[in-house]
Amino acid sequence: MPSAASPIASTISAGAPRSALRRWLRRPAAMVLVALALRLAVVTVGHTYRVNPGADHFGFGWETGRIARSIAEGNGFSSAIHGTTGPTAWVAPLYPYLVAGVFRLFGVFTWSSAWVLLALNSLFSALTCWTLYQIARETVGDRLARWAGWTWALLPYSMYWAVRWVWETSFSALLLSLAFLMALRLARSARLVDWAAFGALWGVIALSNPSLLSFLPFALAWPALKLWRRDDADLTAETPSAPRELEKKISRRPRRLSGVVGLLAVALAVFAAALAPWLVRNYRVFGQFVFIRSNLGAELRMGNSPQANGLWMDWLHPTQNPVEMEKYQRLDVPAHVRERIKDQPALLGQNLIRFLWLWLRRFIFHWVGTPRPAPFAILAGGRNALFALSTLLAWAGLWLMLRRRIRGAMLFAALMLVYPAVYYITFPHPRYRAPIEPEMLITGLYLLAQVIPEKTGLTGRT
């Protein structure tokens, strides 16, 4: 006769694995592992590593691939486009050196190298699940943090740049999200080592993608202000029954200010030290100061001209235009940049109305997506609809976070406001929005958390 306890025992036995699985799925490590496995599967099964060999493999990393080949072959950081064109600063140095290291181990422009590089990009993208989870925990709570991490792990669009482009896009998104997370945590830390690490991280960011530096002043100012000007409510909570002690804490703010300034000085000193070798290299090579990259003039030229319509005018790129290629080969890089800057009548204010019109179009294209000609118009329409939806959710969620004074809301606002500014005066591209999409995902999910029933678990804290 079966024991009366056996149904209960079997239920417990069956429930234990499910409970263990649920606990595992709550861990950021699970998000990272699943995200990495999915991305590697796309690269391997989808053969995205089989890069088109046309134009001497230029599609394999474009300027980054060209420079990496030059480094791998012992010719230094040079020849960013076609042929041997001498030393360059066309792109930031860190990612090309990473690509060059892979080239030396697995061959220049080989499919093996392409697979390894896309696998590394996939790892960067997968690790962003962890930073995203931690940012959400610091701001909107544990449950929403799990949703943010798993959404990034499983969302097909979050995989796109990692599995198809040999470029620093996924690396930039990871670094920026890590800097965002550190800024949130530095508001509670007065340790020199933490602020020095923050400066070092921003040095790595600058040497990977200098366009992210627009967020640096805010990433430094927000935790510094929080560390100095702690709310009276916070101080009162610490000393609820000791008004004299509270007075002493408030009166010590000027002294705390000098300490915060010292922390900022340490972070900036480490940041400057990280940049110094590359800046010295540029000065020695070009005979003048060049801040990390030298192609701003060329980017302005490809976004502003009498024929400009707010999009990238690729026919003005040296690889597409023999006249521009001749100028690039004839002039050293800084001279080529200066010549391109002189060709910016709209940007220099000679036609303010046209410049504002282009600025508005670029603003719209950045947040809604760039149009594409037939036969891709239908696909572009669907992509742009998703772009517009994600933009609407992200900005509406940000507005709600600001209204409810969610911790870190001002950091989210600063990032979404200042980072795209450079693309409003050059030209937009869907890839340029990718570094801030992890943070946009959090603000968008926060909005959804207010309308989805609480039983789903998608709820944030205020």
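The values are calculated or read from the model by the stated rules, or taken from the named source; none is laboratory data. It should be emphasised that the depicted structure is a prediction, and the values quoted were computed from it without experimental measurement. Backbone-built Cβ (ideal geometry, glycine too); neighbour counts: all protein chains shown.
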Hey, could you check segment 388-404 for residues that are hydrophobic (A, V, I, L, M, F, W, C) and free of Cβ contacts under 8 Å to residues at least 24 places away in the same chain and say which is nearest to Phe363 (Cα to Cα)? Ala388
Which pairs turn up if I take residues in segment 15-39 that are in contact (Cβ under 8 Å) with a residue 24 or more places away in the chain and look for partners that are among the β-branched types (Val, Ile, Thr) and surrounded by 10 or more Cβ atoms within 10 Å (Cβ to Cβ) with beta carbon separation below 8 Å, at least 6 apart in sequence or on another chain? Arg39/Val163
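Which one is farthest from Ile425 (Cα to Cα), of the residues in segment 350-404 that are charged (D, E, K, R) and at pLDDT below 85? Steps first, answer last, please.
Let us first name the residues in segment 350-404 that are charged (D, E, K, R), namely 354, 361-362, 372, 383, 403-404.
Next, from what is left, pick out any that are at pLDDT below 85: 354, 372, 383.
Numbers: Arg354: 12, Arg372: 20, Arg383: 23 Å.
Restricting to residues being charged (D, E, K, R) and at pLDDT below 85, the top hit is Arg383.
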Quick check on segment 82-95. Is at least one of its residues out of contact with any Gly (no Cβ under 7 Å at 6 or more places or on another chain), of a type in the set (Val, Ile, Thr), outside the structural domain of His317 (by TED's automatic domain parsing) and outside any loop (DSSP other than H, G, I, E, B)? no
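State whether the residues of segment 110-117 include one that is aliphatic (A, V, I, L, M), over 24 Å from Leu448 (Cβ atoms), assigned to a loop (DSSP other than H, G, I, E, B) and in contact with a Lys or Arg (Cβ under 9 Å, 6 or more places away or on another chain). Steps first, answer last, please.
Step one: filter segment 110-117 for residues aliphatic (A, V, I, L, M), giving 114, 116-117.
Now restrict to residues that are over 24 Å from Leu448 (Cβ atoms): 114, 116-117.
Of the ones still in play, those that are also assigned to a loop (DSSP other than H, G, I, E, B) are none.
No: zero hits.
Of the residues that make up segment 102-109, is at least one outside any loop (DSSP other than H, G, I, E, B), modelled with pLDDT of 95 or more, within 26 Å of the chain's Cα centre (by Cα) and within 22 Å of Leu207 (Cα to Cα)?
Going through segment 102-109, the residues outside any loop (DSSP other than H, G, I, E, B) turn out to be 102-106.
Cutting the leftovers down to modelled with pLDDT of 95 or more gives us 102-106.
Then drop every residue that is not within 26 Å of the chain's Cα centre (by Cα), which leaves 102-103.
Among the residues that remain, those that are also within 22 Å of Leu207 (Cα to Cα) are: 102-103.
For segment 102-109, residues outside any loop (DSSP other than H, G, I, E, B), modelled with pLDDT of 95 or more, within 26 Å of the chain's Cα centre (by Cα) and within 22 Å of Leu207 (Cα to Cα): present.
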Could you check how many residues of segment 48-66 are under 17 Å from Phe106 (Cβ atoms) and within 27 Å of the chain's Cα centre (by Cα)? 9
Just to be sure I understand, how many residues within segment 282-316 are outside the structural domain of Arg431 (by TED's automatic domain parsing), free of Cβ contacts under 8 Å to residues at least 12 places away in the same chain and in a helix (DSSP H, G or I)? 2
Just one of (1) within 19 Å of Ser214 (Cβ to Cβ); (2) of a type outside the set (S, T, N, Q); (3) exposed (fewer than 15 other Cβ atoms within 10 Å of the Cβ) trips up Leu398, so point out which. (3)
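Against the condition under 20 Å from Gln134 (Cβ atoms) and at pLDDT 95 or above, how does Ala449 come out, does it pass?
Numbers: under 20 Å from Gln134 (Cβ atoms): yes; at pLDDT 95 or above: no.
In short, no.
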Filter result for the condition that a residue is buried (at least 18 other Cβ atoms within 10 Å of the Cβ) and either without any contact (Cβ under 8 Å) to a residue 60 or more places away in the chain or assigned by TED's automatic domain parsing to the domain that holds Arg281 (or both), over Ala173, Ala196, Ala162: Ala173
Pick from segment 67-78, criterion out of contact with any strand residue (DSSP E or B) (no Cβ under 9 Å at 6 or more places or on another chain) and surrounded by 18 or more Cβ atoms within 10 Å (Cβ to Cβ), ranking: farthest from Arg293 (Cα to Cα): Ala72
Note on segment 159-190: residues closer than 22 Å to Leu213 by Cβ, among the polar types (S, T, N, Q) and in contact with a Phe, Trp or Tyr (Cβ under 8 Å, 6 or more places away or on another chain) are Thr169, Ser170
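Do you know which residues across segment 300-322 are among the charged types (D, E, K, R) and surrounded by fewer than 19 Cβ atoms within 10 Å (Cβ to Cβ)? Give the derivation first.
Our first condition is that a residue be among the charged types (D, E, K, R); within segment 300-322, this holds for 301, 314.
Matches in segment 300-322: Asp314 only.
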Based on this model, can you work out whether Thr88 counts as of a type in the set (Val, Ile, Thr), over 17 Å from the mean Cα position of the chain (by Cα) and crowded, with 21+ Cβ neighbours inside 10 Å? yes
When residues of segment 291-312 are filtered for being under 24 Å from the mean Cα position of the chain (by Cα) and of a type outside the set (Asp, Glu), how many remain? 14
